[in-house]
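To start, the structure itself, in structure tokens.
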Amino acid sequence: LSIPPPHPRPFLVAPALHRILLPRAVDEAGGEGRLQPQELGSGAPKFADGLWDKYKDPKDEDIIGPEGVESFCADIGLDPSDVLVLVFAWQLDAGRMGYFTKSEWTNGMARLRASTMPELKSALEALHAEALATARTSHGDHNSFRAFYSFAHKFCRDDNKKNLDTETACAMLNMILQPLYPKHVDQFTRYLQKINRLHGINQDEWICFWELCRSVNDDCSNYADDGAWPILLDEYVEFVQEAASESCDGSVPSTAPGATSRGLDMDGCDTAVLADRTHQLHCSTAGEPGGGERCARAP
């Protein structure tokens, strides 16, 4: 089995104070994909305690705050926006962005079974590779990636919000799905930017887009418009097929319904907006509530 490496191009971050990628617990995922207690290594607790003493907040010894997490990222050799930091947060099942509690740190580090920084980084790389490897398999075998992918939506959206804003969704799709489904991600992020969807992406739409990537051709030629997909994806497919038709006709592609004209880079996202939004993800809170129809095709 050829396993893709971690994404080489992490999500854009403005050079300012980060709100590190540390999510709340994921109830829907049920912890699937995380290492289980029976797999704990004997050297992990001592290593974890030493790191805790190094990174804990000097004003509150019960937490590691943003400065401590940023120091940890520097020591392990990861940018705070690297996908492996998201994997680390997923494994620790952290409950608050930018912070670790003592129990989260101790339990999560024990699950990772590392006794050195190189071992810890290798464990994160292996977990990420395993998740990517299960993304393309049958419904019965993809628990690891589904849990990780679902976790990303919950972790990135702001407190008490049901939807992930469009700019952050584009950044996370490029981080997580681009290595697996580059064409769909490029097309979908371009579409999202064109329609400027103010209320963002809900959890069902998020999961169903992955399901579409797994089952629908890049040109959407085998898409079944049978009512089982969210409306957002029906409209995305129309956008792809219309663009292909206009390209063959030699005409200039029109903007999607309700779209606003924006300058896009080749990945389909406004680079300046993405950098600014990612900075906001690390440093502030914002978002929109929302629901959505249940995707009948979602695993």
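The values are calculated or read from the model by the stated rules, or taken from the named source; none is laboratory data. Fair warning: this is a prediction, and the values are worked out from it, not measured in the lab. Methodologically, a virtual Cβ is constructed for each residue, glycine included, from the backbone with ideal geometry; neighbour enumeration extends over all protein chains shown. All accessible areas refer to the heavy atoms of the entire protein, side chains included, with ligands and DNA or RNA removed. Shrake-Rupley method; radii C 1.70, N 1.55, O 1.52, S 1.80 Å.
Residue separation of ASP49 and GLU119 scaled by 0.36 nm, minus their Cα-Cα distance, works out to 23.6 nm of gained length.
Highest mean packing first, where packing is the average number of other Cβ atoms within 10 Å per residue, the peptides 187-193, 168-174 line up as 168-174, 187-193.
In region 83-216, carbon and sulfur make up what percent of the accessible area (probe 1.4 Å)?
C and S fraction of accessible area: 47 percent.
Relative contact order of region 59-188, taken over Cα pairs closer than 8 Å and 6 or more residues apart, is 18 percent. For the cross-link pairs LYS102/LYS161; LYS54/LYS102; LYS54/LYS121, the ones whose C-alpha atoms lie over 20 Å apart are LYS102/LYS161. Can you find, among SER150, ASN160, THR134, the residue farthest towards the positive end of the dipole of region 98-164? Put +1 on the C-beta of Lys and Arg, -1 on that of Asp and Glu. With unit charges placed on the Cβ atoms, the residue in question is ASN160.
Computed with a 1.4 Å probe over protein heavy atoms only, the accessible surface of region 147-229 comes to 30 Å² per residue.
Would region 53-109 count as rounded, prolate or oblate if I go by the C-alpha gyration tensor, calling it rounded below 1.5 in a/c and otherwise prolate when a/b exceeds b/c, oblate otherwise? Here region 53-109 falls in the oblate category. Taken over the alpha carbons of region 62-141 as equal point scatterers, the Debye sum produces base-10 log I(q)/I(0) values at 0.11, 0.18, 0.26, 0.27 Å⁻¹ of -0.30, -0.76, -1.39, -1.46.
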